[in-house]
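The values are calculated or read from the model by the stated rules, or taken from the named source; none is laboratory data. Everything numeric here is computed off the predicted structure, so don't read it as measured data. When we count neighbours, we look across all protein chains shown, and the Cβ atoms used for this are built from the backbone with ideal geometry, even at glycine. Heads up: the accessible areas ignore ligands, DNA and RNA and are worked out on the full protein's heavy atoms, side chains in. Shrake-Rupley method; radii C 1.70, N 1.55, O 1.52, S 1.80 Å.
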Amino acid sequence: MTSMVTGRYVIGWKNDDFIIYRDGAVVFEGDTITYVGKASEYQGSVDEVIDSGNSIVSPGLIDLNALGDVDHHLIFSDFPQDRRNHLQWSMDYFDNRRKEDMSAEDEAFKSLYAYTNLIMNGVTTAMPITSTIDKKAGETYEEMVAAAEHAQDLGLRVYLGPSFLQGKHVCDPHTDEKLVRFFPDEESEQQLANAERFIQEFEGAANDLIRTCVVPERIELQTEYSIRRSKEIAQRYKVPIRMHATQGIFEYDHIMAKTGLSPVKYLDSLGFFDDGAILPHGFAASGYSKIADQSDDDLDILRDRGVSVLHCPIVFARMGIGLESFGRYIRHGINMCMGTDTWPADILENCKTGSLIARILDDNRRENYFDYFFKAATIGGAKALGRDDIGRLAPGCKADIVIFDQSRSEYGIQDDPIQSLFNNGYGMMVSTSIINGRVVMRDRQLPGINQDQLLARAQLVYDHMKASYKERSSTPDAPDKDFFHTTFPIDY
């Protein structure tokens, strides 16, 4: 089966850089692209033509911190800072009542709900992340199996692995400060075993649509042993590894107090960066205005070890935090990639917002312009995964293609397609998505998916998850109106 996608603009790849073809075409056979260029210059025959009209035909977007559950950030939105630690676990809950909060069915449902939203926003390759605050420990093996099945059914390219942690954040009942408490050793070993088992059983599944990764969650919730072991597993099976670090002052101060090293230097001392790694979110590294170390030492390590820094601007902007160094990281030779880490999974909006924040914080330098963010969301993500067959439209690459509809009235006037897309566009303008040569969404319809039913169930899951925050707190019997924050009083 040979298919051709045509559009007003095609963002192709030539001479190691992007090139835009006016009235272009992408031709693919099976799961592989065979031609990219002007539609009028294609000489072969095709079995099917997908004419997208006044659209931008783009390489699929790569989201390496893709939300894999229902949105939990709404709970934290505008929550008073002086009470935010109350949303952490109480010590009593950790010691005496710790359990899995969600049913297995709800845990399985969350990835189905999230993955449909990823596809609808133009994401063709995702490395998901889910909240673990409602978990007894990390993600279970069973919910990862369900996630893999949903990805296969929907046609989404994923890098999966059960996220694991060795402890939890808890709230000190005497000071209201956030602390770290660790699990018994046998629970930690089981999580590491689950991570390795998942790789053994799922790497390359679904015609290579499903790849695996090792995802230890949060540096401050890991032990030295678990960090070393997770890296050993990743190296043994030659799969990517991602761990959240450099994402805040609490983490930075905690690791400095514990080890005398910055998070970057600490991970480097353990060999975590050998052969590269993916590092969300890059804030609290040397040069950050809120720490004493204003050198380039951490950045030198990240560059020299081939680490990719994963940028998720919107979720942190909602907390009043902006990455001060996107352009600085680029100038330093560090690979940047993109993620969303929240709902909606609009990676285009994240690129747009990230560029605007970076221009404010970095003197509007050239490296903060839209083209660098587009590259981070495509070839930057591909490089982080060690691949050159995704993130670009070129012969020999995977047929991961998304179509942005420019004909909608709210899009406005058009000029340069990248400038127009980033200034006027948003993720929900994706009309069609093709992943691995399969049309997984056409005219914003996903086969077999009822969006209304999906949303209705997601609301029930979210409401249950929200209620569980109070159950885990030190005041489980408090009325909702006293525990949760609302913008204005609600008359119940």
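Tabulated values for the structure
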{"quantity": "Cα convex hull volume per residue for the stretch 366-492 (Å³)", "calculated": "245"}
{"quantity": "Simple Cβ-charge dipole of the stretch 233-372, Lys/Arg +1 and Asp/Glu -1, about Cα centre, in debye nearest 20", "calculated": "220"}
{"quantity": "The chain, accessible area per residue, ligands and nucleic acids excluded (1.4 Å, Å²)", "calculated": "40"}
{"quantity": "Expected-Rg normalisation [2.2 N^0.38 Å, Cα atoms] applied to the stretch 42-153", "calculated": "1.50"}
{"quantity": "Value in Å of the Kirkwood radius, where the stretch 118-187 supplies the Cα pairs that are averaged", "calculated": "14.4"}
{"quantity": "Projected label distance in nm at Val145 and Asn450, using a 7 Å step from Cα toward the beta-carbon", "calculated": "2.7"}
{"quantity": "Listed residue (Ser188, Thr175, Cys213) projecting farthest to the positive dipole end of the stretch 168-234, Cβ model", "calculated": "Cys213"}
{"quantity": "Simple label model, 7 Å out from Cα along Cβ direction - Leu270 to Leu356, nm", "calculated": "3.7"}
{"quantity": "Flagged links, alpha-carbon separation over 32 Å, of Lys290/Lys398; Lys135/Lys258; Lys258/Lys375; Lys383/Lys470", "calculated": "Lys290/Lys398; Lys258/Lys375; Lys383/Lys470"}
{"quantity": "Pairwise FRET efficiency - Arg197 versus Ser40, Cβ, R0 = 51 Å, nearest 0.05", "calculated": "0.45"}
{"quantity": "Cα-based shape type of the stretch 206-245, given that a ≥ b ≥ c are square roots of the gyration tensor eigenvalues and the cut on a/c is 1.5", "calculated": "oblate"}
{"quantity": "Cα gyration tensor, the chain - rounded (a/c under 1.5), prolate or oblate", "calculated": "prolate"}
{"quantity": "Fraction of beta bridges assigned by DSSP in the stretch 204-335 that are antiparallel (%, nearest 5)", "calculated": "10"}
{"quantity": "Base-10 log of normalised Debye intensity for the stretch 372-420 (one unit scatterer per alpha-carbon) at q = 0.15, 0.19, 0.22, 0.33 Å⁻¹", "calculated": "-0.53, -0.75, -0.86, -1.20"}
{"quantity": "The chain - share of DSSP beta bridges that are antiparallel (%, nearest 5)", "calculated": "55"}
{"quantity": "Value of Rg to Rh for the stretch 13-91 (Rh from inverse mean 1/r over Cα pairs, i.e. Kirkwood)", "calculated": "1.30"}
{"quantity": "Virtual spin-label span in nm between Asp300 and Ala317, 7 Å along Cα→Cβ", "calculated": "3.4"}
{"quantity": "Carbon/sulfur fraction of accessible area - the chain, other protein chains in place, 1.4 Å, %", "calculated": "48"}
{"quantity": "FRET efficiency estimate (nearest 0.05) - Cβ-Cβ, Glu224 to Ser289, R0 25 angstrom", "calculated": "0.30"}
{"quantity": "FRET E, pair Thr175, Asp371, Förster distance 41 Å, beta-carbon r, rounded to 0.05", "calculated": "0.30"}
{"quantity": "Calculated from backbone phi, Karplus (6.51, -1.76, 1.60) coupling profile of the stretch 339-345 in Hz, x at Gly/Pro", "calculated": "x, 10, 6, 6, 9, x, 7"}
